[in-house]
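Quick notes on the structure that follows.
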Amino acid sequence: KGIAYDTRATFFLLQTKYSTRTNVQRQDKESLELNAQPIHLWYDGLEGVVNDCLGVHNGEVEDDKIKDFLKIHSPMKATVDSRYLTEIYFQKLLESNDEWKAAEWVMNNVEGAFTFGFSKGDSLIFFKDKRGYRPLCIGETDGLIMLTSESGFFNDYDIDFIDEVKPGEMVKVDRDLRYERRLLVDHSPKAPCAFEDIYFKDFVSRDFTGEHSVRETRERVGIELYKFYKNELGNFDFVVPVIESGNTYGQAFAAASGKMFKDVVRKPERNVRYFLRAKIEKEHKYSVDDLMVRGRDILATDDSLVRGDTIVEFYASLKKGGAKTVSFMIAWPPIFFTCNNGIDTPTREELYAHKLIERGLVEYNGGEIRYDVHRVNDMITDLLRENIKHEYPEINPNDLYVYYGTNEILAESLPYKQKCSFCHTGVPPK
């Protein structure tokens with residue numbers, strides 16, 4: 001009794017996200033298993049203290065700097081930032097014998113993004129970094145206390161939403177499921193990642209304020225996109241969402257434009273039953289209602305354009321279904337830079353918008369990248385047309401056009417004005 005791995009405990013830590021900074025995991029099963037969360041650390045030879053602890057982490061921290069702080073080391077072989085974040089917190093806890101002081105030290109000295117959960121058996125500790133990059137919220141029902149990144153989980157299980165944990169705040173839950181909260185570091189400016197609300201979260205979850213539905217935010221973005229581009233849009237017959245990720249934007253955009261929203265594309269399911277189903281050698285990513293799209297001018301909506309693969313395949317599927325023209329309305333601004341704080345974007349070379357910098361089409365010499373979004377729309381459209389001609393030589397993509405969202409549209413749509421915008425501006429939070 002008293003150790004973190006006690007199965008009789010009245011509380012527990014779970015993590016369904018793979019550990020950050022471990023792209024090699026995708027090719028290396030051994031690394032995947034070694035670095036899986038929760039991180040379980042143990043310390044042989046530490047007398048007089050519980051020498052066993054668990055940690056979970058969402059985000060990304062600069063683990064090389066953490067290693068410089070460490071004085072004791074667990075024999076655990078994990079090599080991810082989650083391991084070192086757990087270890088440095090445990091070390092500071094041993095030094096101060098105070099959970100709050102240990103958390104405050106981590107917030108002030110560890111750079112990067114983290115919502116962090118920890119236990120050594122006697123309580124649960126949760127806290128956010130001082131800028132508040134990642135979400136973390138509290139829910140409660142019938143004596144059950146839960147902290148999770150997405151409040152939509154609470155909706156599924158009739159758990160009452162209490163609050164979004166503030167940047168720099170710590171929550172401690174004891175074995176009697178009583179919890180205490182303290183704001184330890186009040187840093188300014190804050191830097192929540194709006195990409196969480198635009199892309200990652202389920203639409204029934206709440207945004208970083210805890211006061212608005214993510215769906216509401218995405219609807220505002222869809223409306224603002226229409227207002228921004230309405231005078232330069234070509235004719236289109238109806239709005240089609242890129243599967244799931246473009247739904248809310250498409251519904252709001254269609255309503256604002258007075259056009260129909262039509263869900264005419266789906267992903268083929270392996271378990272769909274037809275009365276006759278032949279063995280098909282080539283499996284398509286998208287299945288299109290060709291009777292609806294044939295001869296039509298279509299505007300498709302999506303949340304973001306990262307590598308460009310989705311747009312290429314989605315466009316090709318609609319054109320093969322007989323669409324006359326296809327344009328894309330993208331909610332998020334151009335992603336020029338990889339994220340250093342836990343968003344799983346690929347290397348810069350894989351980012352579609354970064355190709356503009358590589359080819360000297362957009363100038364960037366450090367600092368903030370400045371560009372005209374209409375010119376970027378033209379250039380990205382040209383790149384996509386080149387790609388489509390290569391991938392699908394039977395299709396003429398001259399009808400394709402791409403419209404990006406802007407930082408101004410996000411500022412108008414988000415209920416919080418401070419946010420991290422590094423991926424599309426190149427300016428890291430201070």
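Okay, residues lined up against (1) buried (at least 19 other Cβ atoms within 10 Å of the Cβ); (2) of a type outside the set (Gly, Ala, Ser); (3) under 20 Å from the mean Cα position of the chain (by Cα):
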site	(1), (2), (3)
SER123	no, no, no
LYS128	yes, yes, yes
ARG131	yes, yes, yes
LEU136	yes, yes, yes
GLU140	no, yes, no
GLU169	yes, yes, no
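Could you run through the range 412-430 and say how many residues are in contact with a Lys or Arg (Cβ under 6 Å, 6 or more places away or on another chain), open to solvent by 10 Å² or more (accessible area, probe 1.4 Å) and outside any loop (DSSP other than H, G, I, E, B)?
Here is the first cut: in the range 412-430, the ones in contact with a Lys or Arg (Cβ under 6 Å, 6 or more places away or on another chain) are 413, 418, 429.
Filter once more, so that each one left must be open to solvent by 10 Å² or more (accessible area, probe 1.4 Å): 418, 429.
Narrowing the set further to residues that are outside any loop (DSSP other than H, G, I, E, B) leaves none.
Number satisfying all stated conditions: 0.
Quick one: in the range 381-393, of everything that is assigned to a helix (DSSP H, G or I) and in contact with a helix residue (DSSP H, G or I) (Cβ under 7 Å, 6 or more places away or on another chain), which residue is surrounded by the fewest Cβ atoms within 10 Å (Cβ to Cβ)?
Step one: list which residues in the range 381-393 are assigned to a helix (DSSP H, G or I), which gives 381-391.
With in contact with a helix residue (DSSP H, G or I) (Cβ under 7 Å, 6 or more places away or on another chain) added as a condition, the list becomes 383-384, 387-388, 391.
Numbers: LEU383: 17, LEU384: 21, ASN387: 17, ILE388: 22, GLU391: 14.
This residue is GLU391.
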**OP:** Just name the residue that is modelled with the lowest pLDDT out of those in the range 59-72 that are part of a loop (DSSP other than H, G, I, E, B) and of a type in the set (A, V, I, L, M, F, W, C).
**Re:** ILE72
**OP:** Among the strands (runs of 3 or more DSSP E) lying completely within the range 73-191, list those that include at least 2 residues that are closer than 18 Å to VAL56 by Cα.
**Re:** 112-119, 123-128, 137-141, 144-148, 169-174
Original post:
Would you say TYR401 is surrounded by 14 or more Cβ atoms within 10 Å (Cβ to Cβ), touching a residue at least 24 places away in the same chain (Cβ under 8 Å), on the phi < 0 side of the Ramachandran plot and in contact with a Gly (Cβ under 8 Å, 6 or more places away or on another chain)?
Top reply: yes
**OP:** Please give the number of the condition PHE228 fails out of (1) within 30 Å of GLY168 (Cα to Cα); (2) part of a helix (DSSP H, G or I); (3) of a type outside the set (Gly, Ala, Ser); (4) open to solvent by 70 Å² or more (accessible area, probe 1.4 Å).
**Re:** (1)
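Those residues that are in contact (Cβ under 8 Å) with a residue 40 or more places away in the chain and surrounded by fewer than 22 Cβ atoms within 10 Å (Cβ to Cβ), I need them from the range 154-165; list them, please.
Restricting attention to the range 154-165, the residues satisfying the condition of being in contact (Cβ under 8 Å) with a residue 40 or more places away in the chain are 155, 161, 163-165.
Residues satisfying the conditions are ASN155, PHE161, ASP163, GLU164.
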Original post:
Would you call ILE409 touching a Lys or Arg at 6+ places or on another chain (Cβ under 9 Å), open to solvent by less than 30 Å² (accessible area, probe 1.4 Å) and either over 23 Å from PRO167 (Cβ atoms) or in a helix (DSSP H, G or I) (or both)?
Top reply: yes
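Can you tell me which residue in the range 62-82 is surrounded by the most Cβ atoms within 10 Å (Cβ to Cβ), limited to those that are without any contact (Cβ under 8 Å) to a residue 60 or more places away in the chain and under 20 Å from TYR133 (Cβ atoms)?
Filtering the range 62-82 down to residues without any contact (Cβ under 8 Å) to a residue 60 or more places away in the chain leaves 62-79.
Narrowing the set further to residues that are under 20 Å from TYR133 (Cβ atoms) leaves 62-66.
On the way: GLU62: 14, ASP63: 20, ASP64: 9, LYS65: 14, ILE66: 23.
Residue satisfying both the conditions and the ranking: ILE66.
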Original post:
Quick one: is LEU361 in contact (Cβ under 8 Å) with a residue 12 or more places away in the chain and surrounded by 18 or more Cβ atoms within 10 Å (Cβ to Cβ)?
Top reply: no
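The values are calculated or read from the model by the stated rules, or taken from the named source; none is laboratory data. Computed from a predicted structure; not experimentally measured. Methodologically, a virtual Cβ is constructed for each residue, glycine included, from the backbone with ideal geometry; neighbour enumeration extends over all protein chains shown. The protein model used for the area step is the full one, side chains on, heavy atoms only, and it has no ligands, DNA or RNA in it. Shrake-Rupley method; radii C 1.70, N 1.55, O 1.52, S 1.80 Å.
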